[in-house]
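Read the figures in this text as sums done on the coordinates, not as results from a lab. All of these numbers come straight from a predicted model, not from anything done at the bench. Glycine gets a Cβ as well: all are built from the backbone with ideal geometry, and neighbour counts include every protein chain shown.
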Amino acid sequence: MMTGVKIMPILELTDEQVLELVRQLPPDKQAVLFRHLLRSQWSAWEELSRYGETRVRRVAAQRGLDWDAMSEGEREAFIDNIVHESEE
């Protein structure tokens, strides 16, 4: 027999209900939750970022462009063109 063990009840909530509960937290508690969620997803974001950087450099090179030599505005225009090419 286990003594002193507290079993946490499991609640089934919709996404909206969870978001509403988070909105009810004080700002400092929301910040703690945000940092926790960010840390738990950080490695996936880093991996996606590295993949995206590699791909955009490759696509730019295939089009005779040097990603590193491009200004921020040129990069944005390049990405915009790539995105809209797929819509055509």
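So what's the angle, to the nearest 10 degrees on a 0 to 90 scale, between helix 27-62 and the longest Cα principal axis of the chain? Computed tilt is about 20 degrees. For semi-axes √(5λ) of the Cα gyration tensor in Å, the value calculated from this model appears in (1) 19, 17, 11; (2) 45, 17, 14; (3) 22, 15, 12 under label (2). When Met8, Met70 are arranged by Cβ crowding within 10 Å, least crowded first, meaning fewest neighbours, the order is Met8, Met70.
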